[in-house]
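What follows is a set of notes on a single structure, which appears directly below.
The values are calculated or read from the model by the stated rules, or taken from the named source; none is laboratory data. Note that the structure is a prediction, hence the values are computed from the model and not measured. Cβ: placed from backbone, ideal geometry, glycine included. Neighbour counts: every protein chain shown. When the accessible area is computed, the model is the full protein with side chains, heavy atoms only, and any ligands, DNA or RNA have been set aside. Shrake-Rupley method; radii C 1.70, N 1.55, O 1.52, S 1.80 Å.
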Amino acid sequence: MAFVVDHFIFRAPASLIWQTVGDFGSIGSWLPDVVDCQVIGSGVGAERVVTFLDGFQSQERLLNLEPEQRTLSYLLLTDTALQNCVSTMLVRDLGGGYCELVWTYSFTAAGIPMIEAKAIVAGALASGGAALQTHYQNLHLVRTC
């Protein structure tokens, strides 16, 4: 099992960033490569089908949703080179008008070397963080390692 983690610090209240990432069906509002998102069901167990500009569709199931802790996790159901892939997003209040998004992927690689799988995930996380930065153009995003 591999883990890839990225951290994004925003000059914004945690509640504001959570409103965006905590809504399982709103990914298309902040990730520009998403052209459609259909959600079936609600709450834990809900599934979404995310359609991207290139036509790729990703099916995902909400595994955990804890608004009080500002965290959610979802499982990738689509057959890809990332198997048993779980993504977790946690928004933490840092005080002083700042918050942190901790975005984690855990997975096994199938059919490609692990180093390539990690690079794919790291790129997706960086792209997602940049998309949130664009979504909140008046906020500052500071990348951390």
Quickly run through the range 15-32 and pick out the residues that are more than 16 Å from E47 (Cα to Cα) and among the aliphatic types (A, V, I, L, M).
L16, I17, L31
Can you run down the residue pairs with Cβ atoms below 7 Å, 6 or more apart or on separate chains, where the first is in the range 18-44 and in contact (Cβ under 8 Å) with a residue 12 or more places away in the chain and the partner is loosely packed, with under 12 Cβ neighbours inside 10 Å and outside any strand (DSSP E or B)?
G22/P67; D33/L53; V35/L53
Output yes when any residue across the range 20-35 is charged (D, E, K, R) and open to solvent by less than 60 Å² (accessible area, probe 1.4 Å), and no when none is.
no
Considering only the range 22-46, state which residues are closer than 20 Å to S127 by Cα and part of a loop (DSSP other than H, G, I, E, B).
G22, D23, F24, G25, S26, L31, P32, D33
